[in-house]
Each structure stands twice: as structure tokens, then as C-alpha cells.
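Here the structure is laid out as C-alpha cells; the discussion comes afterwards.
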Amino acid sequence: QVQLVESGGGLVQAGGSLRLSCAASGNIFSGNVMGWYRQAPGKQRELVASITSGGNTNYADSVKGRFTISRDNAKNTVYLQMNGLKPEDTAVYYCNVRGISPLTRQTYAYWGQGTQVTVSS
């Protein structure tokens, strides 16, 4: 059983910073992609940033230059450093890990429970 435990959300003023963490436990195979998604009220869930086990990153245009994703493979943990936060960054942020099982060759994807980030103007 895979568990993703997120932490670090909260309330911050515009221009402030927050750091999200997500620790994965269970059968997380190497070669996976870890990422952060967010969902604002009335909107679809969208990708914020992702990072491969090799360190290649991908960002949504709306967060480029403000957010930084990183990971610690030894700890199966992914981080999202969010600087210069804006009210439009307000959303529930979800951690995600996905990959292909070397045992079954099936794709897998797991989600965290979500953490609220609220940015006041």
C-alpha cells in the first residue's frame, strides 16, 4: 500500500512564501515521476510542477520563476518551494507519484490527501 503524506500548506499574504512537502511510503519503485497539482474552487485540477527521479523538471507557465520543485530520492520525498505567492495561487495542492511497475509493467499513480494553500491580497 502506498501512502503520500503532505504538509506545509497554510495562509499567507500575497508576496509571501510557503514550502510544501510530500513523503511517500510503500512500494514506490525507482524511475517514477513526482509532482504537485492544484485545484481551485470551480476549476479543474491542473499540473503545477513535476520532477523525474533524474531531476528533470516541468512547470506550469503560471508558476515559472516563482516555484521550485525538488526531491530527495533516498527519502521518497518531494518538495515545492513557493515564492512570490499570488491570490490566484489559492487552491488545494495535491502530491502525485506515477510510474511503471517493473513487476507487472502496469502504470500506477497515487495521490495525497491535499493541503490547502490560501493567499490573501
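The values are calculated or read from the model by the stated rules, or taken from the named source; none is laboratory data. Since we're looking at a predicted model, the values are computed, not measured. Every residue, glycine as well, gets a Cβ built from its backbone with ideal geometry; the counts of neighbours run over all protein chains shown. Note: areas computed on protein heavy atoms with side chains; ligands, DNA, RNA excluded. Shrake-Rupley method; radii C 1.70, N 1.55, O 1.52, S 1.80 Å.
Key figures
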item: Whether the stretch 46-105 is rounded, prolate or oblate, judged on the alpha carbon gyration tensor where a/c under 1.5 counts as rounded; result: prolate
item: Heavy atoms of residue 30: accessible area, 1.4 Å probe, square angstrom to 10; result: 110 Å²
item: Potential extension, residue 86-residue 116 segment - 0.36 nm per residue separation minus Cα distance; result: 9.4 nm
item: Cut-off 16 Å (backbone N to label point 7 Å along Cα→Cβ of residue 56), residues of the stretch 76-107; result: 98-100
item: Relative intensity, log₁₀ I(q)/I(0), of the chain from a Debye sum that treats every alpha carbon as a point, q = 0.12, 0.15 Å⁻¹; result: -0.41, -0.63
item: Rounded to 5, percent antiparallel among DSSP beta bridges of the stretch 8-121; result: 90 percent
item: Relative contact order (%) - the chain, alpha-carbon pairs under 8 angstrom, separation at least six; result: 34 percent
